[in-house]
Amino acid sequence: MELIETGRPQLILDEHRCKRNINRMVSKAKRLNLQFRPHFKTHQSLEIGKWFRDAGVQSITVSSVDMASYFASDGWNDITIAFPFYPGQISALKKLENTVQLRLFINNKNQISVLTENLKKSFHVIIEIDPGFGRSGVNYGDQTKIDEIINECERNALANFHGFYIHDGRTYQSKGKKDILNHIQPVINVLN
């Protein structure tokens, strides 16, 4: 392996191990009859994205509209933007909607009106749920607000309710499987 001296940090990957891990995740999702929609925010690489595509992945998640545009330039056309929608995204979303089926995080019904006034093609709505930790999203106990968003989707031909999303981030500090399960159980209870 040749290292190029740039004065900047360099990413060094074991390509064989990465591809093996990707294939393992794809196989597990298929076995469980789940759609695998990996988050590309960590690698942010068209080349690594191609490894996922070669393994059969067709849908991805990104953390910004700019990142969605970057991956759309390489032919990805089913993209979830895992960051709450705000009106400053509109012009970029207008460009993306021509080639990408968008899934957007919505936190109130008024955002759907803004989107439908500006977009021409259908989009999927994901309601981000705050399980009580104050990170982001609609508080799980605010059933009125959740119902308003779903009802607004039903009234609007462009907005299709797709589901819910929760991420409280506490598992990052978990030490082992048991600790992870202890952290996620309250979140599973909130979803139920």
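All of the numbers you see were taken from the coordinates with simple rules; none came from a lab. None of these values were measured; they are calculated from a predicted model. Methodologically, a virtual Cβ is constructed for each residue, glycine included, from the backbone with ideal geometry; neighbour enumeration extends over all protein chains shown.
Which residues in region 74-93 have a backbone N closer than 14 Å to a point placed 7 Å from the Cα of Lys145 along the Cα-to-Cβ line? Zone members listed by number: 84-85.
Cross-link reach is defined here as a Cα-Cα straight distance under 23 Å, omitting same-chain residues fewer than 8 places apart; for Lys94 the lysines meeting it are Lys41, Lys109, Lys120, Lys121.
The gain in end-to-end length when the Lys95 to Lys120 segment is fully stretched comes to 7.9 nm, 0.36 nm per residue minus the alpha carbon separation. Multiplying the residue separation of Lys41 and Asn189 by 0.36 nm and subtracting their alpha-carbon distance yields 50.5 nm. The stretch between Asn160 and Ser59, if pulled fully straight at 0.36 nm per residue, gains 34.7 nm over its current Cα-Cα span. Quick one: helix 109-118 against the long Cα principal axis of the chain, what's the angle to the nearest 10°, folded into 0 to 90? The angle comes out near 80 degrees. Entry note: the chain has Rg to Rh equal to 1.00, where both radii use alpha-carbon atoms and Rh is the Kirkwood radius.
What does the C-alpha gyration tensor say about the overall shape of region 1-70? Classify as rounded when a/c is under 1.5, otherwise prolate if a/b is larger than b/c, or oblate. Could you put the intermediate results ahead of the total?
Numbers: a/c = 3.00, a/b = 1.47, b/c = 2.04.
The shape class here is oblate.
Evaluating 6.51 cos²θ - 1.76 cosθ + 1.60 at θ = phi - 60° for every residue in region 122-136, the Karplus couplings come out as 5, 9, 9, 9, 10, 8, 7, 9, 8, x, x, 9, x, 6, 5 Hz, glycine and proline recorded as x.
Here's the picture: charge each Lys and Arg Cβ at +1 and each Asp and Glu Cβ at -1 in the chain, and of Phe85, His124, Val114 the one pushed furthest to the positive end of that dipole is His124.
Candidate cross-link partners of Lys177 among the lysines, defined by an alpha-carbon separation under 21 Å and a same-chain spacing of 8 or more, comprise Lys28.
Taking θ as phi - 60° and the Karplus parameters 6.51, -1.76 and 1.60, the scalar couplings of region 155-172 work out to 7, 10, 5, 7, 8, 10, 5, 10, x, 10, 9, 9, 8, 9, x, 6, 6, 4 Hz in sequence order, x denoting glycine and proline.
Within the chain, what is the longest stretch that has no trypsin sites (Lys or Arg not before Pro) placed in a DSSP loop and near at most 14 other beta-carbon atoms within 10 Å?
In the chain, the maximal stretch lacking such sites is 42-119.
Exposed loop sites are taken as GluC sites (Glu not before Pro) in a DSSP loop (any state but H, G, I, E or B) with at most 12 other beta carbon atoms within 10 Å; the longest stretch of the chain without one runs 6-192.
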